[in-house]
Amino acid sequence: MVKHEIVKLIFKDSVGLQMIPGSTTKRIRSDCPQSARRFALMLKILSMIYKMVQSNTYATKRDIYYSDTLLFGSQSAVDQIINDISCMLKIPRRSLHVLSTTKGFVAGNLCYTEEDGTKVNCTCSATAVTVPSNVQGIKNLTSHAKFILIVEKDATFQRLLDDDFFSKVSPCIMITGRGVPDLNTRLLVRKLWDSFQIPIFTLMDADPHGVEIMCVYKYGSVSMSFEAHHLTVPSVKWLGLLPSDLERLNICKDALIPFTKQDENKLASILKRPYIASQPLWKKELEIMAASKLKAEIQVLTSLSSDFLSRVYLPNKLQFGGWL
């Protein structure tokens, strides 16, 4: 029996979204035509996992799919089965020796040693370091950072990197998942929190998609709710871009983007979520966004000056406590 497509979740301030023990399960049988193929694929992947654990080797989900594309049919089929196996056995995916493909970057005041002994120094301002593919294996983390800044988009992250932001204001660690974060980026944010216990701020677009991404870091996602204890960081704060900032900074309305129907639906969905009720200041910001039916990218701040984000906006926010 495999827990599948989680439909019963519980929200806890200290953890985020997590699965209720004994929630709805889906039975996969070998003697049923509808699920026989899925059962066979599950056994195939379990046998591959067994071999990797025995030989202490690792593979990405992509590697598993490409080992027999005709058999698996699609990458999404492999992804779902691996999630099901992880959920069924109640162990993190990395314990199955299955790694996610990394797309995130980290930079700033941080040094660590990878599992193979490679020493990584993220303080070089010219380039960012790719988030390690085996976050669980990194050790000897050292940092003098005063805070961690999660940046939604790669373009904004690179701009802050070019401006040498992480050393000009005060020592900090910057990390980006380049949009919706992959598993490794979320694991790294959690590991940094566990290691240093310093404030974590998010810098997102003032739109429903940006809010959704921030919620994934802070509260987790439905699909990975069974790993909430390893992934969520409920202490995450919303630094910007706040909908109320747009009016406070007198951003020209011509620079803002009208909502689409999809934006309206996404925002309405977020407002109904259990964790929003515990965040009245967040709810107020979302209601401002809903009333205006306008959204803004972080790049809108360049309409004030080319370096407004790193020279004025972020330093002022950090100095005067402009986060929620």
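The values are calculated or read from the model by the stated rules, or taken from the named source; none is laboratory data. Here the structure is a predicted model, which is why all the values come from computation and not from measurement. Cβ coordinates were reconstructed from backbone atoms using ideal geometry, including for glycine residues, and neighbour counts include every protein chain displayed. Accessible surface is based on the protein model in full, side chains and every heavy atom, while ligands, DNA and RNA are left aside. Shrake-Rupley method; radii C 1.70, N 1.55, O 1.52, S 1.80 Å.
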State the number of residues belonging to segment 192-221 that are under 13 Å from the mean Cα position of the chain (by Cα) and open to solvent by 30 Å² or more (accessible area, probe 1.4 Å). 2
In segment 115-137, residues that are assigned to a helix (DSSP H, G or I) and either open to solvent by 30 Å² or more (accessible area, probe 1.4 Å) or touching a His at 6+ places or on another chain (Cβ under 6 Å) (or both) total 1
Taking residue 48 as the residue in question, decide whether it is at pLDDT 85 or above, surrounded by 12 or more Cβ atoms within 10 Å (Cβ to Cβ) and either part of a helix (DSSP H, G or I) or among the hydrophobic types (A, V, I, L, M, F, W, C) (or both). yes
Residues of segment 156-175 being at pLDDT below 90, more than 14 Å from residue 318 (Cβ to Cβ) and aliphatic (A, V, I, L, M), in sequence order, are 161
Across segment 293-307, the tally of residues that are without any contact (Cβ under 8 Å) to a residue 12 or more places away in the chain and either of a type in the set (Val, Ile, Thr) or over 15 Å from residue 155 (Cβ atoms) (or both) stands at 2
Which numbered condition residue 140 fails, given (1) more than 17 Å from the chain's Cα centre (by Cα); (2) part of a strand (DSSP E or B); (3) crowded, with 16+ Cβ neighbours inside 10 Å: (3)
Take segment 163-185 and flag every residue that is open to solvent by less than 10 Å² (accessible area, probe 1.4 Å) and within 19 Å of the chain's Cα centre (by Cα). 172, 173, 174, 175, 176, 177, 184, 185
Residue within segment 145-162 that is within 20 Å of residue 231 (Cα to Cα), open to solvent by 30 Å² or more (accessible area, probe 1.4 Å), outside any loop (DSSP other than H, G, I, E, B) and among the charged types (D, E, K, R) present: no
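Just to be sure, is residue 262 open to solvent by 20 Å² or more (accessible area, probe 1.4 Å), without any contact (Cβ under 8 Å) to a residue 12 or more places away in the chain and under 23 Å from residue 181 (Cα atoms)?
yes
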Residue 275 versus (1) open to solvent by 20 Å² or more (accessible area, probe 1.4 Å); (2) modelled with pLDDT under 90: which is the lone unmet condition? (1)
